[in-house]
Every structure is written in structure tokens, then in C-alpha cells.
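Chemist: The structure is given below, and queries will be raised subsequently.
The values are calculated or read from the model by the stated rules, or taken from the named source; none is laboratory data. The structure displayed is predicted, hence computed values, not measured ones. Backbone-built Cβ (ideal geometry, glycine too); neighbour counts: all protein chains shown.
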Amino acid sequence: MEIAKGEFIGFMDVDDFVDEKFFENLYKNSKNQDVVVGYLADCISVSYHCAHNKEQVDYDDNMIHKKKNRRKAYGFVYNSIWRKSFLSKKKIKFSIKRGILEDKLFRNECYRQKPRIFVVPNEGIYYYYERRIGSANPNNKNEWLRTIFEKGEKEKIINKYREDDPNDSLFKTLNITQTKN
């Protein structure tokens, strides 16, 4: 982060995708903000099925309705941009030592410093977070992936960058029968 030259810092995993306008949409809403939050969609790595990330939905609901624990952060950094001058002034760094949940630690540390946060309106512009069995994320178990698939069927968030592959071993492992729209 120290060598970054831009006004904002954004994060992206190598196996994830974003809509073309994702970061542009965050930036256009960044005036007088320290953190700008977009929308994260959980996706199964071999599927076009995606669903809103429940942890983010619950957090955003708390923010909007001013519930008691509204500053408790969730564990993703990918769906946001972070003003570099705010991070530098508050001496907030992203730990590369941990490997699991380091993004939640980063967001929690940042939010403890009371940044100006803006959540962009949901206009269907997403960061697509790929979920797959065998990743470091402890949530990527069969049951969780099946839940994402089923929610994706209902929510109809389509990952434009993927097509379902019913012959993939994940579909067989999850015992999913493909029902394409």
C-alpha cells in the first residue's frame, strides 16, 4: 500500500471478477468519503449463480437503520475503495502475515478510526467473489456452496463472466441438477 500512487486503494483477488464500471462507480461516489462500499456477490466458481453476500446485507441494513452494532465490520475489503491519505494518517496497514481473515482485521481497524463511509446504491454493479471448495476461506464448504447456488437461483444475479458446467466435479459433489433459465 505504501507504494500505491493513487488517491484510493482497492483490492481484488486474482480469481474474482468485477463489472466493467465497478471501480468507476465507487470513485464517482467518493467525494468527501474515506471508504466507499459497493456490492459483493458470492458466486460458485464453476457457475453463473451468484447471491448477495449475507454478511454485507446484514451490515448495510444495520447502517441504514442505525442499529446498535452498526460499526461492527464484515470480513471483505474487495467491495470497497479506501482513501489512501486516511489510511496513511491513521497508520492503517493491511497485514500480509495472517492469511485468513486479514481483510476483516483491516476493515475493523479502519472502522475503529471512524471514517466517512458511503454505501453506493445497488445498481446491479458487482464485485463477484468466487467461492470454491479447497480455498483458504473456512466458509467454502459443500453446504455453504449449495446455499449460494439456491440463493442465486432466487436472486437471479448472473455472473456474466461464467457459464455453468454441469459436468464439473463441484456440481456432482454438491449433487446439483442444473436448471438454466
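Chemist: Could you give me the residue pairs with C-beta distances under 9 Å whose first residue belongs to the stretch 28-50 and is at positive phi, whose second residue is at pLDDT 85 or above and of a type in the set (D, E, K, R) wherever it lies, and which are 6+ apart or on separate chains?
Modeler: N32/R116
Chemist: Now a separate question. Checking F23 against (1) modelled with pLDDT under 85; (2) buried (at least 18 other Cβ atoms within 10 Å of the Cβ), which single condition isn't satisfied?
Modeler: So F23 meets the others, but not (1).
Chemist: Being modelled with pLDDT under 75, over 23 Å from Y128 (Cα atoms) and part of a loop (DSSP other than H, G, I, E, B): is that true of N69 here?
Modeler: Judged against the criteria, N69 is a match.
Chemist: Is it true that some residue in the stretch 113-136 is at pLDDT below 80, of a type in the set (D, E, K, R), surrounded by fewer than 17 Cβ atoms within 10 Å (Cβ to Cβ) and within 30 Å of K31 (Cα to Cα)?
Modeler: no
Chemist: Let me ask another. F86 versus (1) part of a loop (DSSP other than H, G, I, E, B); (2) modelled with pLDDT of 90 or more: which is the lone unmet condition?
Modeler: So the condition that F86 fails would be (1).
Chemist: Now for a separate question. Under 6 Å between Cβ atoms, at least 6 apart or on separate chains: pull out the pairs that start in the stretch 81-92 with a residue that is at negative phi and end on any residue that is part of a strand (DSSP E or B) and small (G, A, S).
Modeler: Hits for this filter: I81/G10.
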